[in-house]
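To start, the structure under review is shown below, and the notes come after it.
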Amino acid sequence: MTTLIMKFGGTSVGNADAIGQVADIVLGYTRKVDRLVVVVSAMSGVTDALIRGALAAASGDEQAYRAIVNDLRAGHYRAVKALLDPGGEQAPLLTTVDNYLDEFSAFCHSVHILGEVTPRAMDAITSLGERISARILAALLRQRGVHSQALDATELIITDNTFQNAAPLTDVTRTRVSARLNPLLDEGVIPVVTGFIGATEQGVTTTLGRGGSDYSAAILGDCLDADEVWIWTDVDGVMTADPRLVPDARVIPVLSYSEVGELAYFGAKVLHPKTILPIIERNIPLWVKNTFNPSYPGTRITREPEAANGQVKAVTAIQGLSMVTVEGRGMIGVPGIAARTFAAVASQGASVLMISQASSEQSICFVIPTKTAAPVIRAIEEEMALELVRRDIDRVWALDDVVIVTAVGSGMRGTPGIAACIFGALGRANINVIAIAQGSSECSISVVVAANDAVNAVRQLHKEVIANG
Ligand code: ASP
Ligand code: MG
């Protein structure tokens, strides 16, 4: 018996034509797969619009949020009218759209009165996009003759109460998912589950973070012990580089979980970075496929694909970063400096993308998003006030406008010479490397370069290390 989870992203349900295409794909697999669970994102642009509406309401701009409500109504109406028969479910679906958008409008009204939008309110508001899209797709599938039912993941994915970035509680989620979905699947129903959202044990709506629908699909895949999880998107698969930067970027046929983890972490917006967590243990293969080119195989992601020796598979860049340096001769051999530095960083909720320390111990440097740099520096200066007075630490400073460029490929492991190729390529392009890091997993090498060298660095590495590699 095969169980498949298929997740369709925002562009895959972005308009009536795309939703029709999704229905074709799902229908095509109903005969081939015993148990099929569909997960959907909101129509593209909808989550952004909901957030904009909530922020406008909080800032007192009633006109702006009302305009957004109207736009969202028009967009969803257009899709429903184009897809659903007037004699069938069109009218009830239009009412469904109205009800959710009335809810949005009421939320915005409250936010407007309160003058602020809490993370909890933001989750209630942003959950509406998926609630609507799931209902539209399920209705269309019913119209095409399959048993289908829309389900809110608030019934299935139970999370902690970290609003906007909630973490699933594995055991309760597993129990809920099998209790709720198995009877439907046994009856041959195709559930269409809202991506992105969940609820606390008390039933309060949460979300898994932007782009979280991939993660939703993987969580369901794990709980149902699925054979595979397919992520349908608008590109042919995971690419060797961002095609907007590198025109001859191509699709990577096979990747390992750790490679795709590095890629997601280092800015390639292919998958939500947590997607692989639930499926890694059961070794459930993950596919990335193109809704608009469904016969193309796409990228397969599994535990350990045949590692091609020395192969670098992809190069990515992550922008908008600052490199913070804590330096001073008095740091040499003093235990606890690193621990206290990073405790201060953590106190500001900043996430550290890369760390490097030279063995002379005269400085520690790390890379964080630029918007967190000022508070982080202040926190470190406070923590190290005494050391700064004593001049054990000379200064704490940030270099802004840097980019981390990362080359990813588990074939680097144990293959000598890869680093030389990378630095050779950068050197020939006259690109100054500011800092370097390689984890002991040897799955990626990262370099920090100035923002205005970034595109050139990515192109150069793609040309010399991937295309000719
Ligand atoms: N709709 C949500 C977002 O735009 C979740 C997703 O698309 O995966 O972030
Ligand atoms: Mg996405």
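Quick rundown of the values:
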read-out: Centre separation in Å (Cα based) which lies between the range 347-361 and the range 101-162; value: 38
read-out: Ranked VAL433, VAL189, criterion: other C-beta atoms within 10 Å, fewest first; value: VAL433, VAL189
read-out: Sum of -39500 (n - 2.57) over DSSP H runs of 4+, divided by residues of the chain (222 nm, nearest 500); value: -12500 deg cm²/dmol
read-out: Cα-based Kirkwood hydrodynamic radius, the range 345-433, one decimal, Å; value: 15.8
read-out: Sorted by Cβ density within 10 Å, fewest first, the residues ASP160, ASP242; value: ASP160, ASP242
read-out: Spin-label pair LEU55/ASN165, simplified geometry with 7 Å Cα→Cβ offset, distance in nm; value: 1.7
read-out: Packing-based ranking, highest mean first, of 80-86, 459-465 given that Cβ atoms within 10 Å are counted; value: 459-465, 80-86
read-out: Additional length obtainable on full extension of the chain from ASP248 to ALA385, 0.36 nm per residue less Cα span; value: 44.2 nm
read-out: Hydrodynamic radius by Kirkwood, which averages 1/r over all alpha carbon pairs of the range 414-469, in angstrom; value: 11.6
read-out: Anisotropy class of the range 152-242 from Cα gyration tensor, a/c 1.5 cut; value: oblate
read-out: Label-point gap, in nm, between LYS32 and ALA346 - each point 7 angstrom along Cα→Cβ; value: 4.7
read-out: Positive-end extreme of charge dipole, the range 227-279 - chosen from HIS272, THR240, PRO253 (charges on Cβ); value: HIS272
read-out: Cα-Cα P(r), the chain, percent of pairs per 20 Å interval; value: 22, 50, 25, 2, 0
read-out: Cα gyration tensor, the range 50-92 - rounded (a/c under 1.5), prolate or oblate; value: prolate
read-out: Value of relative contact order over the chain, rounded to a whole percent, pairs C-alpha under 8 Å and six or more apart; value: 13
read-out: Span from the the range 214-257 Cα centroid across to the the range 21-98 one, whole angstrom; value: 24
read-out: Student exercise, the chain dipole from Lys, Arg, Asp, Glu Cβ charges, in Debye to nearest 20; value: 620
read-out: Volume per residue of the C-alpha convex hull in the range 5-86, rounded to whole Å³; value: 94
read-out: Which of PRO92, ALA339, THR11, positive extreme of dipole for the chain (C-beta unit charges); value: THR11
read-out: Dipole of the chain [Lys/Arg +1, Asp/Glu -1 at C-beta], most positive-end residue of LEU101, ALA56, SER44; value: SER44
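Read-outs throughout are calculated quantities, based only on the coordinates presented, and are distinct from any laboratory measurement. Fair warning: this is a prediction, and the values are worked out from it, not measured in the lab. Every residue, glycine among them, receives a Cβ derived from its backbone with ideal geometry; neighbour counts consider all protein chains shown.
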